[in-house]
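**Student:** Okay, handing you the structure first.
The values are calculated or read from the model by the stated rules, or taken from the named source; none is laboratory data. This one's a predicted model, so the numbers in the text were calculated from it and none came from an experiment. Reconstructed Cβ throughout: ideal geometry from the backbone, glycine too, with neighbour counts over all protein chains shown.
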């Protein structure tokens, strides 16, 4: 599909702009260690990082939200992660150059993540990259989280544009679902935490990119 150039490009955070897998994995692995279980290694959890605490606790302890004690384990994970969330996390290679190209072309940009403000604000404050972001919408900024389109609507509103003037880039099916529901052009970032079990082609995204800089080709900025 060929789409007109947008006024704004919105991005998911984890697995799209930043690689936070090692900090997320280390946090849940430390929980295993304190219980006398062998560490699996932070990299072991990479493919589940897009699923947040739910996916990581399932992989580490075979816990689900229906399991007894799940909420306590989730809060323990949050506290563990809070103490290490910028130790190994980094901006994906090519992201900074991509954002610079957007700004040079006169496009605004922002972040829409399901990560709560408790974590997203300290992380985005930590990295110089986000100083030029026009908006950062978190999982608890609105009453809804992706795949509901409301966070994307809120981002467009705060940027002063219509949803149709925005593209949304993310590495999870719910990102594409949210973009479609909001009437935005959707871009699937296959370099993120997609996992081998996902067939991105079935998501129905308008575009797929395998590196951050590939977005510039979709926007005809390369």
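**Student:** Considering each of 183, 201 in turn, give the residue that is within 18 Å of residue 146 (Cβ to Cβ), surrounded by fewer than 16 Cβ atoms within 10 Å (Cβ to Cβ) and without any contact (Cβ under 8 Å) to a residue 40 or more places away in the chain.
**Tutor:** Result of the check over 183, 201: 183.
**Student:** Being in a strand (DSSP E or B) and either touching a strand residue (DSSP E or B) at 6+ places or on another chain (Cβ under 9 Å) or more than 26 Å from residue 100 (Cα to Cα) (or both) is true for just one of 188, 205. Which residue is that?
**Tutor:** Residue meeting the stated conditions: 188.
**Student:** Only one residue in 46, 5 is over 21 Å from residue 142 (Cβ atoms), outside any helix (DSSP H, G or I) and at pLDDT below 95. Which one?
**Tutor:** Just a single option satisfies the conditions, and that option is 5.
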